[in-house]
1. Hey, any hits in the stretch 98-107 for a residue that's over 14 Å from P136 (Cβ atoms), in the same structural domain as I120 (by TED's automatic domain parsing) and basic (K, R)?
2. Can you pull out the residues in the stretch 22-78 that are surrounded by 14 or more Cβ atoms within 10 Å (Cβ to Cβ), among the small types (G, A, S) and more than 12 Å from P136 (Cα to Cα)?
3. Determine whether P57 is in a loop (DSSP other than H, G, I, E, B) and free of Cβ contacts under 8 Å to residues at least 24 places away in the same chain.
4. Identify the residue in the stretch 25-54 that is within 13 Å of the chain's Cα centre (by Cα) and in a loop (DSSP other than H, G, I, E, B) and, among all such residues, is nearest to R13 (Cα to Cα).
5. Cβ-Cβ distance below 7 Å, separation of 6 or more or different chains: which pairs start in the stretch 22-45 with a residue that is assigned by TED's automatic domain parsing to the domain that holds S65 and end on one that is surrounded by 16 or more Cβ atoms within 10 Å (Cβ to Cβ) and part of a helix (DSSP H, G or I)?
6. Can you find a residue that is in contact with a helix residue (DSSP H, G or I) (Cβ under 6 Å, 6 or more places away or on another chain), farther than 30 Å from P15 by Cβ, outside the structural domain of Q50 (by TED's automatic domain parsing) and free of Cβ contacts under 8 Å to residues at least 40 places away in the same chain anywhere in the stretch 121-129?
Amino acid sequence: MQDCCSVGEAQTRAPAVLACPASGTRAKQVDSLTVKSLVCHLPFGMPRTQYYFCDAPGCDVVYFSNHPEASVFRRGDLLVRVGAKETADPAPVCYCFGVTRQQIREEVQQTGHSAASERIKAEVQAGNCACEVKNPSGKCCLGEVARAIKATTAHP
């Protein structure tokens with residue numbers, strides 16, 4: 001399927017994983033819809049190319065491409081905080097429903113467990129998620145939510 005504003009320009013096959021130019025971290029492909037949805041200001045003449053998402057905590061780069069004319073987008077260029085890169089609360093783990101690591105931690109402290117995954121799964125099954133346009137990784141958040149719950153319950 002083509003983007004609504006595309007002019008039919010062909011894309012070449014891009015590698016599934018590419019090293020971040022700043023951190024060297026292995027970064028995975030991200031859909032252009034995600035980049036376009038979350039970058040504050042897209043540059044004029046932005047090439048139609050494959051972008052990659054860098055989730056390295058110490059790296060300021062979020063999106064990059066191996067295209068020589070493509071912009072590199074950093075944390076400050078995005079409309080949302082990138083939870084994988086955040087050390088200070090509230091760090092988002094679910095962008096569709098506003099769940100943060102802090103909320104998970106508080107729920108575990110109050111009840112001994114977190115039901116965040118179950119609540120999110122129910123919303124996903126109801127068709128109420130939009131990870132491809134809200135989550136900087138462009139992927140479902142349930143893995144990150146599970147990791148946040150596990151980290152909280154392992155070190156309360």
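The values are calculated or read from the model by the stated rules, or taken from the named source; none is laboratory data. Just so you know, these numbers come straight off a predicted model, no measurement behind them. No Cβ is skipped: glycine too gets one built from the backbone with ideal geometry, and neighbour counts run over all protein chains shown.
1. yes
2. A22, S23, A27, A56, S65, A70, S71
3. no
4. Filtering the stretch 25-54 for residues that are within 13 Å of the chain's Cα centre (by Cα) and in a loop (DSSP other than H, G, I, E, B), the one nearest to R13 (Cα to Cα) comes out as D31.
5. V39/D77; C40/D77
6. No, the conditions are met nowhere in the stretch 121-129.
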